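Worksheet for the structure shown next.
The values are calculated or read from the model by the stated rules, or taken from the named source; none is laboratory data. As the structure is a computational prediction, the values presented were derived from the model and not from experiment. Cβ: placed from backbone, ideal geometry, glycine included. Neighbour counts: every protein chain shown. Ligands, DNA and RNA are excluded from the accessible area calculation, which covers all protein heavy atoms including side chains. Shrake-Rupley method; radii C 1.70, N 1.55, O 1.52, S 1.80 Å.
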Amino acid sequence: MPATGPGPFSHLECQLPAPRRREGAVLRYSHAWERGRGSPAHILLSLQVQPPHPASIRMLRGHQLPVTCLVISPDDRFIFSASKDGSLIKWEVESGKRLCVVPGGKKGTEERHMGHASHVLCMAISSDGKYLATGDRNKLIMIWDAATCKRLHIFTGHRDAVSGLSFRKGTHQLYSASHDRCVKVWNVAENAYVETLFGHQDVITGLDSLSRECCVTAGGRDGTVRLWKIPEESQLVFYGHQGSIDCIQLINEEHMVSGADDGSLALWGLTKKKPLALARQAHGMQDAQGLQQPYWISAVAALRNSDLLATGSHSASVKLWKCGEGFRKLEPLWDIPLVGFVNSLTFSAAGDFLVAGLGQEHRLGRWWRVKEAKNSICIIPLKRRAAAPSPEAPDSPEAPDSS
């Protein structure tokens, strides 16, 4: 293995196998809308947010089968959701109306039919709001015009279900993860495959990225979280969960959070191979066929560059958490009652609402069924406590105006 130079990651680093490259796939991106690679100051929002009144939570119905994934447009005006029924829906946040519905089709009809013909497991939207990407159990990645919901392209290449997607912020570079244990890199603007990265020893269950040319993945039952450094063709490996790691999200450029089916929630720093904080049985215990076992963590969300997290399970509530003591402690804040499997969670960019994708089943299987659950989207308002204006305590995640 070639020696790596000294640096904060050198004690974790290992070299990736040489990736397969497609000739001529040179990336040329405009960074006009990228505001730099560094993280803004971390904003302490956890103490400002108030628990919502249950009556203020809006439920949007449209999918026949469990909702598996969702994203919010960068301007917070629209929600895109997808389901095990293969359908894709664009919603208007303010009115709750369905603006566009692409129904699911029968297997093998993807070329003739506009949408997916199998379970959609993941989606991502570019930071300029131009492209939407969706991935399904039938190994396909579909690229859409987010404004019109017109399908633009289909990427093939994964050898199993596509389970994670993320656009690198400020670019049209797309990362994908799959049950085939690989991460692939694509140039969406040029409809081009770029490279494949190898390393996980089990199915990859989730993926996320921010501005830097890297992504993080959850490796299911291989027990690892990995940070993939694309230019260096190297990876950092993190250990901390006992069960299958099923969800992951970056909080900022230095920290991430992950959840597992052993009920644990882990808070990581990207320079430490062990968690900075670990909450065991984060959603409590359940009695399953006479056996006590933790509720699985099925979704995690972070309000970017803040100290606020949300987690989902099938424990009849979404939990909000504070990253305390300089990201070295996980402190539970309060619960939001929601019945069903919480398969996806996303904060609005402004931090004024949280969206949950609910289903009667887990997004990756049918281990249990919560019959009383509604396959739906829930919009949860997050009101702020009134506070005296202070430059040290801005009341929104945007940096205070310097004028």
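Within segment 109-156, take every residue that is open to solvent by less than 40 Å² (accessible area, probe 1.4 Å), touching a Cys at 6+ places or on another chain (Cβ under 9 Å) and not hydrophobic (A, V, I, L, M, F, W, C) and give me the one that is nearest to Phe347 (Cα to Cα).
Step by step, filter segment 109-156, then rank; the result is Thr134.
Looking at Gly223, Gly219, which one is over 20 Å from Lys329 (Cα atoms) and touching a Phe, Trp or Tyr at 6+ places or on another chain (Cβ under 7 Å)?
Sole residue among the options that is over 20 Å from Lys329 (Cα atoms) and touching a Phe, Trp or Tyr at 6+ places or on another chain (Cβ under 7 Å): Gly223.
Against the condition outside any loop (DSSP other than H, G, I, E, B) and open to solvent by 10 Å² or more (accessible area, probe 1.4 Å), how does Gln292 come out, does it pass?
yes
Residue-by-condition table, conditions (1) open to solvent by 10 Å² or more (accessible area, probe 1.4 Å); (2) of a type in the set (Asp, Glu); (3) in contact with a helix residue (DSSP H, G or I) (Cβ under 6 Å, 6 or more places away or on another chain); (4) under 17 Å from Ala133 (Cα atoms):
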position	(1), (2), (3), (4)
Ser163	no, no, no, yes
Tyr175	no, no, no, yes
Cys182	yes, no, no, no
Gly219	no, no, no, no
Ser234	no, no, no, no
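Which of the residues that make up segment 361-378 are surrounded by 20 or more Cβ atoms within 10 Å (Cβ to Cβ) and either at pLDDT 90 or above or at positive phi (or both)?
Residues satisfying the conditions are Asn375, Ser376, Ile377, Cys378.
Would you be able to tell me the number of residues in segment 295-304 that are open to solvent by less than 40 Å² (accessible area, probe 1.4 Å) and in a loop (DSSP other than H, G, I, E, B)?
Matching residues across segment 295-304 total 4.
If I ask for residues that are free of Cβ contacts under 8 Å to residues at least 40 places away in the same chain, of a type in the set (D, E, K, R) and outside any strand (DSSP E or B), which ones from segment 258-288 would you list?
Of everything in segment 258-288, those that are free of Cβ contacts under 8 Å to residues at least 40 places away in the same chain, of a type in the set (D, E, K, R) and outside any strand (DSSP E or B) turn out to be Asp261, Asp262, Lys272, Lys274, Arg280.
Restricting attention to segment 193-243, which residues are more than 20 Å from Asp160 (Cα to Cα) and among the basic types (Lys, Arg)?
Once the filter is applied, which keeps residues that are more than 20 Å from Asp160 (Cα to Cα) and among the basic types (Lys, Arg), segment 193-243 yields Arg212, Lys229.
Please find, among Pro40, Pro19, the residue that is within 24 Å of the chain's Cα centre (by Cα), at pLDDT below 90 and assigned to a loop (DSSP other than H, G, I, E, B).
Exactly one residue qualifies, and that residue is Pro40.
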